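None of the figures in this text is laboratory data; all of them are computed from the coordinates on show. Note that the structure is predicted; figures quoted are calculated from it, not measured. Counting neighbours? That spans all protein chains shown, and the Cβs are built from the backbone with ideal geometry, glycine included.
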Amino acid sequence: MANKEFISQQARKRFEEPPQLSETERSSLLVIPPWAKLAIDQIPSPTNKAGFILQLGYFRLMGRFFHPKTYPSKDTDFIVQKFLGDPNEVDIDEYKTSTYHRHREIILQGFGFKAYTSDGNIHENLLDEATRMAECRPARNQTKSYV
């Protein structure tokens, strides 16, 4: 049986890859919240700093994360120039998956989100949240949301 393609390849690419940023949008990558500055200061590797800053910026702009291999070189070059100086010290292809995921958790926590996981409590948590929303009452812990 043939699989039905629900979105075009072009639409899929727009979803899976960071957007082509205008100069104004790219400048917004420079806005770093105080909690993120503290996290960046603890990252020793220029490549990992660039990866963190790009993830942070894309999450702020788009509300989601993108795989580092899809980061446009124009954005990477911009971040390196503004924050790190020497472009020879940054190779985004060396931004390891484990580091990417650790940084993703820091960013989610910094913005007050909690990543969706497939643990056993998620059904109960989602049911509680749906009930709370239906009854229009405040969340137990309003600083946490599910992404």
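Could you give me the ³J(HN,Hα) list for the stretch 72-81, computed from phi with Karplus coefficients 6.51, -1.76, 1.60 and θ = phi - 60°, whole Hz, x at Gly and Pro?
My calculation for the stretch 72-81 gives x, 4, 4, 6, 4, 4, 4, 5, 4, 4 Hz in order.
Tell me which of 27, 6, 59 sits at the most positive position along the dipole axis of the chain, charges placed on C-beta atoms (Lys, Arg +1; Asp, Glu -1).
Farthest along the dipole direction, towards plus: 6.
Cα centroids of the stretch 96-114 and the stretch 17-35: how far apart, whole angstrom?
When both Cα centres are located, 17 Å separates them.
Given +1 on the Cβ of Lys and Arg, -1 on the Cβ of Asp and Glu, and no further charges, what dipole in debye does the stretch 10-111 carry about its Cα centre, rounded to the nearest 20?
420 debye
Add -39500 (n - 2.57) for each DSSP H run of 4 or more in the chain, then divide by its residues: what number comes out at 222 nm, to the nearest 500 deg cm²/dmol?
-14500 deg cm²/dmol
Which whole-Hz couplings ³J(HN,Hα) result when phi for each residue of the stretch 102-113 is put into the Karplus expression 6.51 cos²θ - 1.76 cosθ + 1.60, θ = phi - 60°, listed in order with x for Gly and Pro?
Residue by residue, the stretch 102-113 yields 5, 5, 4, 5, 4, 5, 4, 4, x, 8, x, 9 Hz.
Obtain the nm distance between the two label points defined at residue 23 and residue 89 by a simple spin-label model: each point lies 7 Å from its Cα along the Cα-to-C-beta direction.
2.7 nm
Per 0.36 nm of contour for each residue apart, how much would the distance between residue 81 and residue 102 grow if the chain were fully extended, relative to their Cα-Cα spacing?
Length gained between residue 81 and residue 102: 5.1 nm.
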